2 protein chains.
Amino acid sequence: MTGKFPEMTLKAIGIVRNKFREPSSERLKLEEIISEIEIDPSLTEALDGLEDFSHIIVLYWMHRATSKRSSLKVHPMGRKDVPLQGLFAVRTPNRPNRIGKTTVKLLERQGNILRVQGLDALDGSPVLDIKPYLPGYDSADNARVPTWITS
Amino acid sequence: MTGKFPEMTLKAIGIVRNKFREPSSERLKLEEIISEIEIDPSLTEALDGLEDFSHIIVLYWMHRATSKRSSLKVHPMGRKDVPLQGLFAVRTPNRPNRIGKTTVKLLERQGNILRVQGLDALDGSPVLDIKPYLPGYDSADNARVPTWITS
């Protein structure tokens, strides 16, 4: 890694499997989305103990984001009624590094397969990391958000 | 991206600046750690609107993690009193992809500089992404954790 803003190479540790093969503008209910994460079998043992957590954090690669250079400002979720926001102020997949981060419910682990609820990743998304969800560390009390989030 | 578990190249969007230059076994109080994140000046505009959120999620590269292949199982935080856990069940930096994920308080934004509280990244850590913290989406109610977390 050299230079002020270095590059690094990552390798997927797993792949998302679900029935969502194409990006959709439809707003889905996250709790209705069940996915399987297939972890690289050489890493199966690294999942031991994960089943003691009810929730996990999935970092994945949003491989279907448009490949053109991301715009620095976007309308959140395509909502033209909301003023343009910097891309780091929204969760758009079109980011310089297309890492998605979702907190999901871990329903089951069987060997190298995790069954999870609430993962908004498309089928085939490479998974970069799995972390246990730690209340307090991963959550923030009394977090303030702008009004466009809830309107 | 080819192969079942593909590789991808990322480029840092920023760098962490604080007074912590070396890994330490000391347990620091996160809320006492103030850091500055210097964002690539070409991305300054992408921060607009972030200041409307009280908390943000920082994804960064744990560049000082040991470079040898990570062990699949570890004692959490070096605690020998806790049985070995799979690395995906703990937050050890020695992971296949060394992405750190911390929810921090955004104290101030000035141009391309973010001043944050509670970031457990070392000085010089490359930053991969900044996301707004969304209560409900990023938090989980009634999350269950194993007893070794709280003991």
In the range B:128-144, is there at least one residue being more than 9 Å from chain A (Cβ to nearest Cβ), in a loop (DSSP other than H, G, I, E, B), at negative phi and not acidic (Asp, Glu)? no
Could you tell me whether any residue of the range B:106-113 is within 11 Å of the chain's Cα centre (by Cα), buried (at least 19 other Cβ atoms within 10 Å of the Cβ), in a strand (DSSP E or B) and touching a residue at least 40 places away in the same chain (Cβ under 8 Å)? no
Run B:Gly49 past the list (1) more than 18 Å from the chain's Cα centre (by Cα); (2) surrounded by fewer than 19 Cβ atoms within 10 Å (Cβ to Cβ) and report the number of the one that doesn't hold. (2)
Scan of the range A:116-134 for residues that are crowded, with 16+ Cβ neighbours inside 10 Å, among the charged types (D, E, K, R) and modelled with pLDDT of 95 or more, ordered by number: A:Asp129, A:Lys131
Anything in the range A:50-83 that is over 29 Å from B:Ile13 (Cβ atoms) and in contact with a Pro (Cβ under 7 Å, 6 or more places away or on another chain)? List them, or say none. A:Leu50, A:Asp52, A:Phe53
Selection from the range B:6-39 of residues open to solvent by less than 30 Å² (accessible area, probe 1.4 Å) and either under 22 Å from B:Tyr137 (Cβ atoms) or touching a residue at least 12 places away in the same chain (Cβ under 8 Å) (or both) yields B:Leu10, B:Ala12, B:Ile13, B:Gly14, B:Ile15, B:Val16, B:Asn18, B:Ile33, B:Ser35, B:Ile37, B:Ile39
Over the range B:66-85, the set of residues surrounded by fewer than 16 Cβ atoms within 10 Å (Cβ to Cβ) and among the hydrophobic types (A, V, I, L, M, F, W, C) is B:Met77
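The values are calculated or read from the model by the stated rules, or taken from the named source; none is laboratory data. Given the structure is predicted, the values throughout are model-derived calculations rather than measurements. Note that each Cβ is placed from the backbone with ideal geometry, even for glycine, and that neighbours are counted across all protein chains shown. The protein model used for the area step is the full one, side chains on, heavy atoms only, and it has no ligands, DNA or RNA in it. Shrake-Rupley method; radii C 1.70, N 1.55, O 1.52, S 1.80 Å.
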